[in-house]
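Colleague: Take a look at the following structure, please.
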Amino acid sequence: MPIRPYDNKNQLFLLPPSVNEWVRVDHPARVLSDIVDQLDVSGFRTVSTEGRPCYDPRMMVKVLLWGYATGVRASRKIEERLHSDVVFMWLAGLQKPDFRTICLFRKDNQPAIEGLFAQVLVVAKQMGLLKLGLVALDGTKLRASAGIGSFKKLSEWRKELTKAQEEVRRMLADAEAQDAADDARYGSDRRGDELPEGLADAKERVRKIERLLGQLDADTEETQRVSMTDPQSRYMHTQTGSQPAYNGQVVVPRDQIIVHADVTTEPIDTNQLAPALAGVERNTGAKPDKVVADAGYKSGPNLRLLEEAKVDGYLPETEERNIGKLKRAYPDLYGKEVFVYDKERDCYTCPAGQTLSPKTRHKHKTKYSGGVATVYRAPGGVCLACQHLSRCTKTRAKTGRAISRDDYEEERLRMRQKLGTDEGKAIYGERKCIVEPTIGQLKMVGGIARLLLRGLMGAKIEWKWATTAHNLLKLSRLIAGGTVKPVWAT
Ligand code: SF4
């Protein structure tokens, strides 16, 4: 079998090769480039490079978006690709901005990337996409650029500061004592400005901790863990354990083009429904008909918000793994659903036929939510004499079984009934097929599971680049596959 010779690195061309021939005509990068050519990039601030003409922001946008679309996000890696990857080289028109320029351009253009995200949605709409019927909302933990070891409780940082200040004081006192001893022994001809070894480090540590404490909100709890390297990141529970992270939110319709993307420092999703609905309306000019989201978004205020906004919501009960310890240990205990509420008389009837009347009102408050509830109980002594007691309550309280009811009970009941129907179950079942693959693509293909930029603003910037790139790639594939026609061809 003849072997093809390949040792032709020094071969000369009769005609100079064209960079445009290096990328095949149906490559998604070409469609991405065409779409970016339709967008207004005048909001992007160019980065000046030591007196030389600035790079074209459109080229920088294309390179960064292609990087996010293909999981090449680190500025040094992008710079390397600009020297070795024909698609990057073609997108950059053979220009080679260095990693500092790429890094600054990404960091300095937060409002512009927000605007570009919205512009891509306008293009999608012009191509007949984004028919907002049903949308799925979900959150995902984005690993912060901070080591686990950089986290300590606020109270521990305060102790650390006192220790570091004490160390500086001790070093200065030791140095003074040593100076005095040296003066007495050798005369006072020393300059007296020699710094004791380690003093600069100790002072630097004091400065760093003071700066960290100065950045924290006044209401930060003493038990909250705070990172020295990224004070705004939070310790969050993820599938791979507790990690410093941010909570990235997305809203996705059936065509999997992200219509809202944001990042929060709150580890739970409860307070993200309202901003997500507002974001969808701002970005698309329309309200979705239906919203599906997991149990993390379910709260009384959220259910009322959906009803008032006339958005058909599908938010299920708390997941099995999150139910209370008591319920898990004793699954046969009477649930609240077996107590019948009488709205007229404002009381419950229990399985033993006894009446539970309002006894107290109590406020409940967690870090991210709160409210007021009424507690209903049977008359004194009734529960303790009841033959159902062991199935009704496991607490040893002499007051017997208590039922708590807040102002959103009716919304909860309506939601439970809706999700109990076959239609409700089928609609909720769509959530898994819409939003989970989208988040999977962002993390597995785009590599956004771990952030590069620090701080909440850094996390927001990266999330916007990643979600914009995801949308452009999606549009590119739809155009390349002939599913939709590009706006510029119509
Ligand atoms: S324990 Fe109290 S609330 Fe429970 S069934 Fe008996 S009387 Fe009713």
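The values are calculated or read from the model by the stated rules, or taken from the named source; none is laboratory data. Small disclaimer: the values here were computed from a predicted structure and weren't measured. For neighbour counting, all protein chains shown are included, and Cβ atoms are generated from backbone atoms with ideal geometry for every residue, glycine included.
Colleague: Anything in the range 51-82 that is of a type outside the set (G, A, S) and over 14 Å from I102 (Cα atoms)? List them, or say none. Let's see the steps before the verdict.
Modeller: Initially, the range 51-82 is screened for residues of a type outside the set (G, A, S), giving 52-66, 68, 70, 72-73, 76-82.
Within the range 51-82, R52, P53, T70 meet the criteria.
Colleague: Can I ask one more? When residues of the range 450-488 are filtered for being without any contact (Cβ under 8 Å) to a residue 40 or more places away in the chain and either in the same structural domain as V259 (by TED's automatic domain parsing) or out of contact with any helix residue (DSSP H, G or I) (no Cβ under 9 Å at 6 or more places or on another chain) (or both), how many remain?
Modeller: So the first thing to find is which residues in the range 450-488 are without any contact (Cβ under 8 Å) to a residue 40 or more places away in the chain, and the list is 481-483.
Now restrict to residues that are either in the same structural domain as V259 (by TED's automatic domain parsing) or out of contact with any helix residue (DSSP H, G or I) (no Cβ under 9 Å at 6 or more places or on another chain) (or both): 481-482.
Residues that pass the stated criteria total 2.
Colleague: Then there is this: When you check M236 against the structure, is it out of contact with any Pro (no Cβ under 6 Å at 6 or more places or on another chain) and surrounded by 17 or more Cβ atoms within 10 Å (Cβ to Cβ), yes or no? Write out each step before concluding.
Modeller: On the way: out of contact with any Pro (no Cβ under 6 Å at 6 or more places or on another chain): no; surrounded by 17 or more Cβ atoms within 10 Å (Cβ to Cβ): yes.
Against the criterion (out of contact with any Pro (no Cβ under 6 Å at 6 or more places or on another chain) and surrounded by 17 or more Cβ atoms within 10 Å (Cβ to Cβ)), M236 does not qualify.
Colleague: Which one of these does A385 not meet: (1) away from the ligand (no atom under 16 Å from the Cβ); (2) at pLDDT 90 or above; (3) of a type outside the set (S, T, N, Q)?
Modeller: Failing condition for A385: (1).
Colleague: Tell me which of these S357 doesn't satisfy, since it passes every other one: (1) within 12 Å of the ligand (Cβ to nearest atom); (2) surrounded by 17 or more Cβ atoms within 10 Å (Cβ to Cβ); (3) part of a strand (DSSP E or B).
Modeller: All conditions are met except number (2).
Colleague: So if I check each of A378, A373, which one is within 9 Å of the ligand (Cβ to nearest atom) and in the same structural domain as K343 (by TED's automatic domain parsing)?
Modeller: The match here is A378.
Colleague: Across the range 422-445, which residue is surrounded by the most Cβ atoms within 10 Å (Cβ to Cβ) among those that are of a type in the set (V, I, T) and part of a helix (DSSP H, G or I)? Explain how you work it out, then say what you get.
Modeller: Of the residues in the range 422-445, the ones of a type in the set (V, I, T) are 427, 434-435, 438-439, 445.
Those still in the list that are part of a helix (DSSP H, G or I) too: 427, 434-435, 438-439.
Details: I427: 17, I434: 20, V435: 25, T438: 22, I439: 19.
Once the filter is applied, the top-ranked residue is V435.
Colleague: Does the range 377-396 hold any residues that are in contact with a helix residue (DSSP H, G or I) (Cβ under 9 Å, 6 or more places away or on another chain), surrounded by fewer than 17 Cβ atoms within 10 Å (Cβ to Cβ) and either closer than 30 Å to N302 by Cα or not hydroxyl-bearing (S, T, Y) (or both), and which are they? Working first, answer last.
Modeller: Applying the first criterion (in contact with a helix residue (DSSP H, G or I) (Cβ under 9 Å, 6 or more places away or on another chain)) to the range 377-396 yields 377, 383, 386, 389, 392-395.
Restricting the remaining residues to those that are surrounded by fewer than 17 Cβ atoms within 10 Å (Cβ to Cβ) gives 389, 394-395.
Listed by number, the residues that qualify are L389, K394.
Colleague: Taking the stated definitions as given, is E410 at pLDDT 90 or above, surrounded by 13 or more Cβ atoms within 10 Å (Cβ to Cβ), away from the ligand (no atom under 16 Å from the Cβ) and not in a strand (DSSP E or B)?
Modeller: yes
Colleague: Considering only the range 86-107, state which residues are without any contact (Cβ under 8 Å) to a residue 40 or more places away in the chain, under 24 Å from N20 (Cβ atoms) and surrounded by fewer than 19 Cβ atoms within 10 Å (Cβ to Cβ).
Modeller: Within the range 86-107, K96 is the sole residue that qualifies.
Colleague: Right, here's the next one. Does V252 qualify as being within 26 Å of L134 (Cα to Cα), among the aliphatic types (A, V, I, L, M), touching a residue at least 12 places away in the same chain (Cβ under 8 Å) and part of a strand (DSSP E or B)? Write out each step before concluding.
Modeller: Details: within 26 Å of L134 (Cα to Cα): yes; among the aliphatic types (A, V, I, L, M): yes; touching a residue at least 12 places away in the same chain (Cβ under 8 Å): yes; part of a strand (DSSP E or B): yes.
So V252 passes the test.
Colleague: Right, something else. Just checking, does the range 207-215 include any residue being farther than 19 Å from A466 by Cα, touching a strand residue (DSSP E or B) at 6+ places or on another chain (Cβ under 9 Å) and in contact (Cβ under 8 Å) with a residue 40 or more places away in the chain?
Modeller: Within the range 207-215, one or more residues are farther than 19 Å from A466 by Cα, touching a strand residue (DSSP E or B) at 6+ places or on another chain (Cβ under 9 Å) and in contact (Cβ under 8 Å) with a residue 40 or more places away in the chain.
Colleague: Do we have any residue at all in the range 433-449 that's within 16 Å of the ligand (Cβ to nearest atom) and of a type outside the set (S, T, N, Q)? Spell out the reasoning first.
Modeller: Taking the range 433-449 and keeping what is within 16 Å of the ligand (Cβ to nearest atom), we get none.
Within the range 433-449 (the criterion being within 16 Å of the ligand (Cβ to nearest atom) and of a type outside the set (S, T, N, Q)), the answer is no, since none of the residues qualifies.
Colleague: Moving on to the next point. In a loop (DSSP other than H, G, I, E, B) and surrounded by 13 or more Cβ atoms within 10 Å (Cβ to Cβ), is that true of I257? Even if it seems obvious, please write down each step before you answer.
Modeller: Values: in a loop (DSSP other than H, G, I, E, B): yes; surrounded by 13 or more Cβ atoms within 10 Å (Cβ to Cβ): yes.
The answer is yes for I257.
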